[in-house]
Amino acid sequence: MGDMKRVLIIGAGMSGILAGLKLKQRGNVDFIIYEKADAVSGTWKYNRYPGLACDVPAHAYTFSFEPNPDWSEVYASGQEIRAYFEGIVERYGLTPYIRLNSEVTSCEWADGRWRVTLADGLVDHGDVVIAASGVLHHPNIPAIPGLERFEGDAFHSTVWNDAAKLDGARVGVIGCGSTGVQIVSALAGRARSLVHFCRTPQWIMPICQRAYSEEEKASFRADPNLIDAIRYGDKYQGVLRRFETAITDPESPEMAEIEQIVRENLETSVQDEALREKLRPAYRAACKRLIFSGDYYEAVQQPRVTVETGGIEAVEPCGVRMRDGSFYELDTLVLATGFAVDRFIRPTRVTGENGLSLDEVWADRPSAYRAVCVPGFPNFFMLNGPTGPVGNFSLIDVAETQWRYIEQLLELLLNGNAKAVAVTRAAAESYEQWRAAEARKTVFATGCASWYLDNRGVPNTWPKGLPEFRKSMANPDMQEFALSA
Ligand code: NA7
């Protein structure tokens, strides 16, 4: 008694909720979750665009310990995922531990503890900081000349403008990552005209989206093994294994199989030859994050939809001017232009030992030992931090694996066996050398631009599959950590 440790969690998205509920279950630890937004569930709270869904099957994009028999479709909508996380917060009694509208502006390691400051001036102290601030959070607003002079509504996909004209309007969508593809698929039947500005076309993996029937849901409820059979059964695991082999060995038969599926999808789904050639990517499948969609090709073949692969010259007050001089008059312009992917917890100022700031450590690019910790930053752990697995995997799975690893280090602190734990510089450097060398061999590095690549063009990702990830994260190697009593 009297020596209860305090853990400060940053972010009440999926990862922060996970950390909170695990600490609550452990008991005998004081913790709080600071959340910048006015509601929980992170990316699923911010993103509200039409067509938003997770491209990992719903029963696999679920906490392993909280299966959900009620998912209404094979691929859950963003709204339903948000409700799932809100339900978890409720059921685990986490609400009293979450402080909303609380942006953390700085974290400083001083006198063996973390001093955390919030935008509203509040100062808190804790023994441990868990940064669960998300991967794709800060919008990338493209530097297109004239954007600010557009007279209609122009907005990034993460700050959806509910007042914007869509139905019966002339809509443009810039960007054809997963976000742009989902938005275009959803708006195709609604807009008077829809232009998809698609600078670099994408390979599309077909999926079969469908609703679960009431009978199916009842059977999931009655027998959770049926849910496990979807998540852990041969079908989904087979798809995952094929993908993992393909990304780590671009010359494998598995990669050839994926290439054949996406090529066939293009050939058989798009009737018009000119459109088909426009939509044909000039790089390898899965080099950019594969897009999973069952309705995009159908959407772009609708009569009022145009795919524009030319370069944008400028945005003018009434629309978009192309480099070839052509002009699209628009009422609404959606920027599905992705994220500033090198930010992670920043702009929060994080200062570790000897006044070393995370900005200095990450001056070249963000990196982290096993994606969870940084040398010089004791008792500071990240969930879904830099260099973690990001390619078409369930980030819930990833966060759970990382949590089991972090938990073992945390336990040393919580039970008083150590006051501080930090990864050594040597361990972090040798890990990063191995990781970057392996990452160069993945399909992500075969010659396309994507948000996976760092500023050297090296994928900033875990370079293997999930089974290897779980194995490598099973137990911390304590020789790689420095403990202080
Ligand atoms: P992505 O996958 O980073 O896609 C961004 C898209 O925006 C991509 O098509 C870009 O084209 C395009 N883009 C960015 N800037 C411009 C400019 N200036 N002009 C034209 N086009 C531009 O982001 P998403 O939000 O779709 O998806 C991110 C992740 O969220 C996704 O992978 C899932 O993990 C969930 P480019 O390819 O660079 O030519």
Legend entry - Sequence-distant residues sharing a close amide H with residue 76 (under 5 Å, placed H): 54, 58
Inset, instruction - Using only C-alpha positions, report the orientation-averaged shadow area of the convex hull of segment 109-254, nm², one decimal. - result: 17.3 nm²
Legend entry - residue 111-residue 143 FRET efficiency (beta carbon distance; Förster radius 56 Å; 0.05 resolution): 0.80
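Normalised by the number of residues in the chain, what is the relative contact order in percent for Cα pairs under 8 Å and 6+ residues apart?
Working: 960 pairs, mean separation 93.4, N = 485.
Normalised by residue count, the contact order of the chain is 19 percent.
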Legend entry - Cα gyration tensor shape for segment 378-485, rounded if a/c is under 1.5, else prolate or oblate: prolate
Legend entry - For residue 280, residues with placed amide H under 5 Å, excluding near neighbours: none
Legend entry - In sequence order, calculated HN-Hα J values of segment 262-268 (Karplus, 6.51, -1.76, 1.60; Hz; x Gly/Pro): 6, 5, 4, 4, 5, 4, 8
Legend entry - Structure-based [θ]222 nm, the chain - -39500 (n - 2.57) summed over DSSP H runs of at least 4, per residue, nearest 500: -9000 deg cm²/dmol
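How long is the gain from residue 251 to residue 324 if the chain were fully straight, where each residue apart is worth 0.36 nm and the alpha carbon distance is subtracted? Can you show the working numbers first?
On the way: separation 73, 0.36 × 73 = 26.28 nm, distance 3.82 nm.
Contour length minus Cα-Cα distance gives 22.5 nm.
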Legend entry - Acute angle (nearest 10 degrees) that the helix 425-439 long axis makes with the longest principal axis of the chain, alpha-carbon atoms: 20 degrees
Inset, instruction - Quote the FRET efficiency, to the nearest 0.05, computed for residue 434 versus residue 161 with a Förster distance R0 of 45 Å and r equal to the Cβ-Cβ distance. - result: 0.50
Inset, instruction - Quick one: what are the phi-derived ³J(HN,Hα) couplings along segment 456-470, Karplus 6.51/-1.76/1.60 with θ = phi - 60°, whole Hz, x for glycine and proline? - result: 9, x, 9, x, 9, 10, 4, x, 10, x, 6, x, 5, 4, 4
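Between the DSSP loop rule and a limit of at most 12 other Cβ atoms within 10 Å, which GluC sites (Glu not before Pro) in segment 96-197 are left? Can you show the working numbers first?
Working: sites: 103, 108, 148, 151; in loops: 103, 151.
Sparse-neighbourhood loop GluC sites (Glu not before Pro): 151.
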Inset, instruction - Rank these by accessible area, largest first, 1.4 Å probe: 318, 448. - result: 318, 448
Legend entry - Modelled label reach - residue 261, point 7 Å along Cα→Cβ, segment 219-243 residues with backbone N closer than 13 Å: 235-243
Inset, instruction - Could you state how much accessible area residue 24 has, in square angstrom rounded to the nearest 10, with a 1.4 Å probe and all protein chains kept in place? - result: 80 Å²
Legend entry - segment 166-258, relative contact order in percent, only Cα pairs under 8 angstrom and at least six apart counted: 19 percent
Inset, instruction - Using θ = phi - 60° and the Karplus relation 6.51 cos²θ - 1.76 cosθ + 1.60, list the HN-Hα couplings for segment 71-78 in order, rounded to whole Hz, with x at every Gly or Pro. - result: 3, 8, 9, 4, 10, 6, 6, x
Legend entry - Rounded if a/c under 1.5, otherwise prolate or oblate - segment 179-283, Cα gyration tensor axes: oblate
Legend entry - Built amide H within the under 5 Å cut-off of residue 349, gap 5+: 106, 107
Legend entry - Rounded if a/c under 1.5, otherwise prolate or oblate - segment 216-358, Cα gyration tensor axes: oblate
Legend entry - For the chain, cysteines whose Cβ has no other cysteine Cβ within reach (under 4.7 Å): 54, 107, 208, 318, 373
Legend entry - Net length gained if the chain between residue 3 and residue 470 were fully extended (0.36 nm per residue, minus Cα distance): 164.8 nm
Inset, instruction - Under 14 Å between C-alpha atoms is the cut-off here; go through the chain and count lysine pairs that meet it, provided they're at least eight residues apart or on different chains. - result: 4
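Residue 208 to residue 417: FRET efficiency via 1/(1 + (r/R0)^6), r the Cβ-Cβ distance, R0 51 Å, to the nearest 0.05? Write out the running numbers ahead of the final one.
Values: r = 51 Å, r/R0 = 0.99.
After rounding, the FRET efficiency stands at 0.50.
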Inset, instruction - Run the accessible area of the chain with a 1.4 Å probe and give the carbon-and-sulfur part as a rounded percent. - result: 49 percent
Legend entry - Accessible surface, per residue, of the chain when the full set of protein chains is kept, probe 1.4 Å, Å²: 42 Å²
Legend entry - trypsin sites (Lys or Arg not before Pro) lying in DSSP loop within segment 27-72, provided at most 16 other Cβ fall within 10 Å: 48
Legend entry - Sites matching trypsin sites (Lys or Arg not before Pro) across segment 448-485 that sit in DSSP coil, with at most 11 neighbouring C-beta atoms within 10 Å: 456
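The values are calculated or read from the model by the stated rules, or taken from the named source; none is laboratory data. Predicted, not measured: the structure shown is a model, and the values here were computed from it. A quick note on method: Cβ atoms are made from the backbone with ideal geometry, for glycine too, and the neighbour counts reach across all protein chains shown. Note: accessible area is taken over every heavy atom of the protein model, side chains too, but ligands, DNA and RNA are not part of it. Shrake-Rupley method; radii C 1.70, N 1.55, O 1.52, S 1.80 Å.
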